């Protein structure tokens, strides 16, 4: 394989870590908020507390999303410490 088409670890295409990070962050954005909104609406309809449970679960879902994204980014920064401080390290400079 061509050097430019491999990532720095040599285990796959150069875009693989970016797509993996995008999918992890997207999962943390969608899953907690959607689940909170669906269950909040369902519980509000069942108990007749129209917006209360919906809003409380939406807030909790938002906090879970923030925590999950923070955790994913923290792990990413540990995995690629050189790239997190100097994104151009290991790349050829354009003239």
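When both residues are 6+ apart or on different chains and their Cβ atoms are under 8 Å apart, which pairs have a first residue that lies in region 16-45 and is surrounded by 13 or more Cβ atoms within 10 Å (Cβ to Cβ), and a second that is outside any helix (DSSP H, G or I)?
16/7; 17/7; 17/80; 43/49; 44/50; 44/51
Please go through region 18-55 and give me each residue that is more than 29 Å from residue 75 (Cβ to Cβ), touching a helix residue (DSSP H, G or I) at 6+ places or on another chain (Cβ under 8 Å) and assigned to a helix (DSSP H, G or I), ordered by number.
Across region 18-55, the qualifying residues are 40, 41, 43, 44, 47, 52, 53, 54, 55.
Given the conditions (1) modelled with pLDDT under 95; (2) surrounded by fewer than 16 Cβ atoms within 10 Å (Cβ to Cβ); (3) part of a helix (DSSP H, G or I), report the number of the one that residue 76 does not fulfil.
(2)
For the structure I just gave you, tell me whether residue 6 is modelled with pLDDT under 95, surrounded by 12 or more Cβ atoms within 10 Å (Cβ to Cβ) and more than 22 Å from the chain's Cα centre (by Cα).
yes
What are the residues in region 79-93 that are loosely packed, with under 14 Cβ neighbours inside 10 Å and modelled with pLDDT of 70 or more, if any?
79, 81
The values are calculated or read from the model by the stated rules, or taken from the named source; none is laboratory data. The shown structure was predicted, so the numbers you read here are calculated from the model rather than taken from an experiment. All Cβ positions, glycine included, derive from the backbone under ideal geometry; neighbour counts span all protein chains shown.
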